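The values are calculated or read from the model by the stated rules, or taken from the named source; none is laboratory data. Predicted model, so just to flag it, every value in this text is computed and none were measured. Virtual Cβ from ideal backbone geometry, glycine too; neighbours counted across all protein chains shown. Calculation scope for accessible area: heavy atoms of the full protein, side chains included, ligands and nucleic acids excluded. Shrake-Rupley method; radii C 1.70, N 1.55, O 1.52, S 1.80 Å.
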Amino acid sequence: MKYGVPVVLVLLTLKYQGKTESIFHENAAALWCFITATFGYWLIVGTIKGMISSKWIRTLRRAALASALVSAISLVCLFLPYPVSLVPLVVVLTSTVSLVVLYAFSLFIRWAGNKMKGVLVRARQDSIISEVSLCLVIRNDHMLTGGYKLPAHD
């Protein structure tokens, strides 16, 4: 894979050598997807290599895999004629975006679940503390009155 992309780019250059139209004119969408996805891939890989250890490395590796997939498919789409090249590109882009959205949603649900668990634990602790303090108040009241309830004031 290390030499695969440069070889395909050379073949692509040979395909358009001597023609009057450029690749930017014929397959602009696929070319811009390739450039953007490749730039995103190298940006993510550079970020991963700069990290020593982090909880986000797994997520960044998945993002790098998704951008590499989009880059490879868009590079293959450059060899197809214009209307046909949009079909695999649209399929890959929509599936990648939907997978990223689902993964982000699952991370949000996990984060919100942890927050709610903390809130419920604190609420239960507050409830226990209030029950204990109420028991202490009743016990102190019982000790002060000698076991007899004082009449309520009207």
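What the table shows:
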quantity	calculated
Rounded Å value of the spacing that divides the Cα centres of the range 52-83 and the range 1-32	18 Å
Solvent-free Debye scattering, log10 I(q)/I(0), computed from the Cα coordinates of the range 9-97 at q = 0.26 Å⁻¹	-1.23
Modelled FRET efficiency - R0 22 Å, Lys19 with Trp42, Cβ distances, 0.05 increments	0.15
Approximate spin-label separation Val91-Leu65, in nm, with each point projected 7 Å along Cα-to-Cβ	2.0 nm
Carbon plus sulfur fraction of accessible area for the range 8-108, probe 1.4 Å, in percent	77 percent
Accessible surface, per residue, of the range 34-83 when the full set of protein chains is kept, probe 1.4 Å, Å²	66 Å²
